[in-house]
Amino acid sequence: MQLFKPVSSEPVSGVPDMFHLRNCFDPQQVFDLTQLVVDRSPFRHMQTPRGYTMAAAITNCGVVGWVSDRRGYRYEPIDPETGTAWPEMPPLLFSLAQMAAQRCGFDDFAPDACLINRYAPGKGMSAHQDRDENDFTQPIVSLSLGLPARFFVQGSDGKGRSTPIDLASGDVVVWGGASRLFYHGVRPLKPGIDPVTGSCRINLTFRKAG
Ligand code: SIN
Ligand code: FE2
């Protein structure tokens with residue numbers, strides 16, 4: 001069994017090495033696998049180094065998980081909430097991420113971390129770089145589940161014109177190479193009800209952290 005539907009990848013216009021794959025997995029299947037992770041390492045709101053509470057609730061699966069607290073941002077092998085290892089990355093999700101990356105020209109992507117973000121209506125994520133990983137030759141593979149969202153990309157200094165990408169449940173965005181360190185974020189979510197997730201959006205981003 002595999003979850004990836006072999007759709008074509010669309011280059012995102014104006015953003016080098018970024019691709020949008022529409023409707024390339026079944027949201028219910030990915031949601032069910034995500035629930036197995038959440039049952040063991042629940043969603044929680046982490047603190048930023050400056051003491052703010054992050055708008056998105058997060059959890060992780062994989063060998064290491066991304067965490068934020070007063071000491072900074074980093075990857076950790078232990079979930080600080082449960083005191084045990086993060087749940088294993090479901091093999092079906094690993095291969096879905098790998099196949100999506102391959103479709104965009106990134107061969108042999110082997111993610112060891114998957115950050116799972118959950119957004120309620122009104123919540124988003126401000127522009128940031130994904131730069132806590134050790135190997136920037138590896139891409140980021142980002143899956144969207146549930147309510148639609150407007151993702152945006154802003155270039156390498158976070159100051160340029162922002163390119164919007166409207167993401168639906170079942171979509172994937174892959175970026176690497178020249179855009180690997182581009183600033184990106186998510187506009188506040190519009191209210192709604194999704195048949196799979198209810199009144200939220202869930203995003204899974206696969207990374208090679210170690
Ligand atoms: C992120 O950049 O970590 C999240 C992106 C998204 O929610 O689409
Ligand atoms: Fe990010």
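Here are the criteria: (1) more than 11 Å from ligand 1 (Cβ to nearest atom); (2) open to solvent by 10 Å² or more (accessible area, probe 1.4 Å). Tell me which single one Ser179 does not satisfy.
(2)
All but one of (1) out of contact with any His (no Cβ under 6 Å at 6 or more places or on another chain); (2) more than 14 Å from Leu92 (Cβ to Cβ) hold for Val12, so report the exception by its number.
Of everything listed in (1) out of contact with any His (no Cβ under 6 Å at 6 or more places or on another chain); (2) more than 14 Å from Leu92 (Cβ to Cβ), Val12 misses just condition (1).
Does Asp171 fit the bill of being over 20 Å from Val67 (Cα atoms), within 16 Å of ligand 2 (Cβ to nearest atom) and of a type outside the set (A, V, I, L, M, F, W, C)?
Numbers: over 20 Å from Val67 (Cα atoms): yes; within 16 Å of ligand 2 (Cβ to nearest atom): yes; of a type outside the set (A, V, I, L, M, F, W, C): yes.
Yes; evaluated as a whole, the condition is true for this residue.
Return the residue satisfying two criteria in turn: it lies in the range 184-206 and is surrounded by fewer than 22 Cβ atoms within 10 Å (Cβ to Cβ) and under 14 Å from the mean Cα position of the chain (by Cα), and of such residues it is farthest from ligand 1 (Cβ to nearest atom).
Ranking the qualifying residues of the range 184-206, first place goes to Gly185.
Within the range 30-44, count every residue that is outside any helix (DSSP H, G or I) and either within 17 Å of Leu143 (Cα to Cα) or hydrophobic (A, V, I, L, M, F, W, C) (or both).
Pass one, the range 30-44, residues outside any helix (DSSP H, G or I): 41-44.
Checking which are either within 17 Å of Leu143 (Cα to Cα) or hydrophobic (A, V, I, L, M, F, W, C) (or both) leaves us with 43.
Number of matching residues: 1.
Select from the range 32-69 the residues that are within 15 Å of Met125 (Cα to Cα) and open to solvent by 80 Å² or more (accessible area, probe 1.4 Å) and list them in ascending order.
Our first condition is that a residue be within 15 Å of Met125 (Cα to Cα); within the range 32-69, this holds for 45-48, 52-58, 68.
Of everything in the range 32-69, those that are within 15 Å of Met125 (Cα to Cα) and open to solvent by 80 Å² or more (accessible area, probe 1.4 Å) turn out to be His45, Tyr52, Thr53.
Please go through the range 139-148 and pick out each residue that is open to solvent by 10 Å² or more (accessible area, probe 1.4 Å) and within 10 Å of ligand 1 (Cβ to nearest atom).
Selection gives nothing.
This table checks each residue for (1) more than 11 Å from ligand 1 (Cβ to nearest atom); (2) crowded, with 17+ Cβ neighbours inside 10 Å; (3) hydrophobic (A, V, I, L, M, F, W, C).
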{"residue": "Ala120", "(1), (2), (3)": "yes, no, yes"}
{"residue": "Arg131", "(1), (2), (3)": "yes, no, no"}
{"residue": "Phe151", "(1), (2), (3)": "no, yes, yes"}
{"residue": "Ser156", "(1), (2), (3)": "yes, no, no"}
{"residue": "Arg161", "(1), (2), (3)": "yes, no, no"}
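Answer with yes or no whether Ser126 is over 20 Å from Tyr73 (Cβ atoms) and either open to solvent by less than 20 Å² (accessible area, probe 1.4 Å) or touching a strand residue (DSSP E or B) at 6+ places or on another chain (Cβ under 9 Å) (or both). Break it down into steps so the answer makes sense when it comes.
Values: over 20 Å from Tyr73 (Cβ atoms): no; either open to solvent by less than 20 Å² (accessible area, probe 1.4 Å) or touching a strand residue (DSSP E or B) at 6+ places or on another chain (Cβ under 9 Å) (or both): yes.
No.
Collect the residues in the range 84-132 that are of a type in the set (Phe, Trp, Tyr) and touching a Lys or Arg at 6+ places or on another chain (Cβ under 6 Å), keeping them in residue-number order. Spell out how you get there, then give the answer.
Residues of the range 84-132 that are of a type in the set (Phe, Trp, Tyr), as a first pass: 86, 94, 106, 109, 119.
Within the range 84-132, Tyr119 is the sole residue that qualifies.
Going by the conditions given, is Ala113 within 13 Å of ligand 1 (Cβ to nearest atom) and open to solvent by 20 Å² or more (accessible area, probe 1.4 Å)? Before the answer, list the steps.
Details: within 13 Å of ligand 1 (Cβ to nearest atom): yes; open to solvent by 20 Å² or more (accessible area, probe 1.4 Å): no.
No; evaluated as a whole, the condition is false for this residue.
Please work out which one of (1) open to solvent by less than 60 Å² (accessible area, probe 1.4 Å); (2) under 17 Å from Trp66 (Cα atoms); (3) more than 13 Å from the chain's Cα centre (by Cα) is the condition Phe136 fails and give its number.
(1)
Might you check whether a residue that is within 16 Å of ligand 2 (Cβ to nearest atom) and of a type in the set (Asp, Glu) occurs anywhere in the range 189-201?
no
Can you pull out every residue in the range 70-84 that is surrounded by fewer than 16 Cβ atoms within 10 Å (Cβ to Cβ) and either touching a Pro at 6+ places or on another chain (Cβ under 9 Å) or farther than 22 Å from Asn134 by Cα (or both)?
Across the range 70-84, the qualifying residues are Arg70, Arg71, Gly72, Tyr73, Glu81, Thr82, Gly83, Thr84.
The values are calculated or read from the model by the stated rules, or taken from the named source; none is laboratory data. Remember, it's a predicted structure, so these values are computed and weren't measured experimentally. Every residue, glycine as well, gets a Cβ built from its backbone with ideal geometry; the counts of neighbours run over all protein chains shown. Ligands, DNA and RNA are excluded from the accessible area calculation, which covers all protein heavy atoms including side chains. Shrake-Rupley method; radii C 1.70, N 1.55, O 1.52, S 1.80 Å.
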